[in-house]
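The values are calculated or read from the model by the stated rules, or taken from the named source; none is laboratory data. Computed from a prediction, not measured in an experiment: that's the story for all the values here. When we count neighbours, we look across all protein chains shown, and the Cβ atoms used for this are built from the backbone with ideal geometry, even at glycine.
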Amino acid sequence: MKRYRIGIVGSGFGASAHLPALSAHPRFDVVAIASPQRAATIAAARGLLAFGSCAAMVAGCELDAIAIASPPFAHEADVTAALAAGLHVVCEKPFALDVASAERLCAAARTAGTACGIAHEFRFTPQIQALRELIVNHHLGALRGIEVSRALGKLRADQAVPRSWWFERAAGGGITGASLSHLIDMANWLAGAPIARSTGMLRTANARRHDATGEFRTDADDGGFALIEYAGSVVARVSTDATSAVDAFLCAAHGERRTAVASGADLATTTLYAVDADETSALDCVPERYARFAAINPNVPLLMELYDAFVERIETGNGPLPTFDEALATQHVLASVGYGSRSTGA
């Protein structure tokens, strides 16, 4: 069984989640990591090659694939370099800074003809998979509404968070790119229909922030809110708010006969309920295939599922890997709420 030589771009989430997920995965050999600052330290600890950039890594070692977890402002250059080298690509969300950039990357992927996907790993949670099955198999009746919301407290005024590009709107910072992009993708996937129109807003409640070195200001959002209409009269309400008192996640599909709700403290830990006029029932779901790796990082089991789908796409051209074209649809919605350049096509 072929094992794929893969490199990782990014020393944040790339090192804390993608690296352990790929190291544990039976079909990948991690060869190298690229980062302007921390690549050498991580590579020395893990026995990898170190490079300062994606372009240098692509030129400096033999790879089959690449996982891009660099900041959003670097995605276009990094994905373009990987595709130009004929590599298979998984790119972190948000896909790009704006619609025009996302469109260029989709065009480059079509030209390259390699397997390409986006790291929307939360599609692979058992409860969201089961919720989609309830929709597809018409157990809810005619689908009318989707509700996806996430509350977290990491950007409350009392939270000290180190300053970085994450607090710069022009660099792709803010909770909308980090979190709302996942929720929009989830709503789009559950709806299973083209987007007719979308609108929404960003909000910065706490523009004045602080870290260990003192006070600083941010223009990046700490809340993002979208309203999406799909062909077939399905409407989704999608929101993320990082100034909340408690952490909570909810994903609901409302049909004319029944509602299904996945809820919990976060996206990776939920319980699925079916609700109708007579009763509310908790539904058992198949356990995560890689659940034993959650102790490393809660995202690792879901990323391993994503990389299963990546292998399937490489070897068959099919499978459940979230696509660049789907990421472009999400980018249009992001633009309609104010992330990046607004597109009249959303």
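Listing for the model above:
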| item | result |
| --- | --- |
| Candidate set: segment 83-108, residues that are among the charged types (D, E, K, R) and in a loop (DSSP other than H, G, I, E, B); chosen: the one nearest to G177 (Cα to Cα) | K93 |
| Which listed residue is of a type outside the set (A, V, I, L, M, F, W, C), in contact with an Asp or Glu (Cβ under 7 Å, 6 or more places away or on another chain) and assigned to a strand (DSSP E or B), from R197, R163 | R197 |
| Residues of segment 213-245 classified as modelled with pLDDT of 95 or more and not in a strand (DSSP E or B), total | 11 |
| Test: residue in segment 17-33 that is closer than 26 Å to A329 by Cα and either of a type outside the set (V, I, T) or assigned by TED's automatic domain parsing to the domain that holds T176 (or both) | yes |
| Residues of segment 46-68 classified as out of contact with any Cys (no Cβ under 6 Å at 6 or more places or on another chain), of a type outside the set (K, R) and either surrounded by 24 or more Cβ atoms within 10 Å (Cβ to Cβ) or not in a loop (DSSP other than H, G, I, E, B) (or both), total | 12 |
| All positions within segment 139-158 that are surrounded by fewer than 15 Cβ atoms within 10 Å (Cβ to Cβ) and either of a type in the set (S, T, N, Q) or free of Cβ contacts under 8 Å to residues at least 24 places away in the same chain (or both) | D158 |
| Any hit, segment 155-168, residues being of a type in the set (K, R) and within 19 Å of the chain's Cα centre (by Cα) | no |
| Single unsatisfied condition, Y307 versus (1) free of Cβ contacts under 8 Å to residues at least 24 places away in the same chain; (2) closer than 23 Å to G177 by Cβ | (1) |
| Hits in segment 191-222 (condition: buried (at least 16 other Cβ atoms within 10 Å of the Cβ) and closer than 27 Å to L143 by Cα) | A191, I195, S198, G200 |
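This table checks each residue for (1) assigned to a helix (DSSP H, G or I); (2) loosely packed, with under 15 Cβ neighbours inside 10 Å.
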| site | (1), (2) |
| --- | --- |
| T271 | no, yes |
| D278 | no, yes |
| R292 | yes, yes |
| A295 | no, yes |
| L302 | yes, no |
| E315 | yes, yes |
